[in-house]
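A.B. asks: My questions all concern the structure below.
None of the figures in this text is laboratory data; all of them are computed from the coordinates on show. This is a predicted model, so every value here is computed, not measured. When we count neighbours, we look across all protein chains shown, and the Cβ atoms used for this are built from the backbone with ideal geometry, even at glycine.
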Amino acid sequence: MLYLVESRKVVVVGIPGVGKTSLLQKIVEILQKNNKSVSVHSFGSMMFDVAKENGVTDRDELRKLPLSQQKNLQKIAAEKLAILNEDIVIIDTHAFINSPEGYYPGLPEHVLHILKPSNFISVSAKPEEIYNRRMKDVTRTRDNISIDNIKKELDVQSGMISACAVISGSPVKHVLNREGMIDEVAEKIIRTIGL
């Protein structure tokens, strides 16, 4: 009997400055050494690619769009991700969007139903490390932040991703990406997703 192995959709969330990009690069490197086909896709970048067709010129403008437009962009991006079929499809995203109306879920129910994630990984770091990393990042237009703002964002992330796990029935693993510990954290994530 032939069994088809479905592509694993692993959603990795983290607020800006947790070191998610470097961590994902390390995970891909390890998985490829173990002959796994893997791809990483930024959910926000996919949304931005669609939004550019409608005149949006800066990715940081996405969170300022009306919620109806954000929902439509999320739906289109999720549909594109759902059809990918590598062994592991890593979806790099945020658990929430800080919009003028408040915290909007980065992965609302309609997106989760389309994506059908197998796992959630919530990446955090010490607030002071996050603050320092953000101050060094000149590639993005960020709002002014404080350590207290970062602590609040980490709390919101934890709540949002826990809700995603409940809605989808998929497990969530919280990992702390401490400075200088990237190899250990990458290995922990790979073990968590059963590879």
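A.B. asks: Within the stretch 38-77, track down each residue that is under 19 Å from Phe96 (Cα atoms), of a type in the set (A, V, I, L, M, F, W, C) and in a loop (DSSP other than H, G, I, E, B).
C.D. replies: Listed by number, the list holds a single entry, Leu65.
A.B. asks: Here is a check on your reading of the model: is Asn35 free of Cβ contacts under 8 Å to residues at least 60 places away in the same chain, farther than 14 Å from Gln70 by Cα and not in a strand (DSSP E or B)?
C.D. replies: yes
A.B. asks: Restricting attention to the stretch 168-187, report how many residues are part of a helix (DSSP H, G or I) and surrounded by 15 or more Cβ atoms within 10 Å (Cβ to Cβ).
C.D. replies: Total meeting the criteria: 4.
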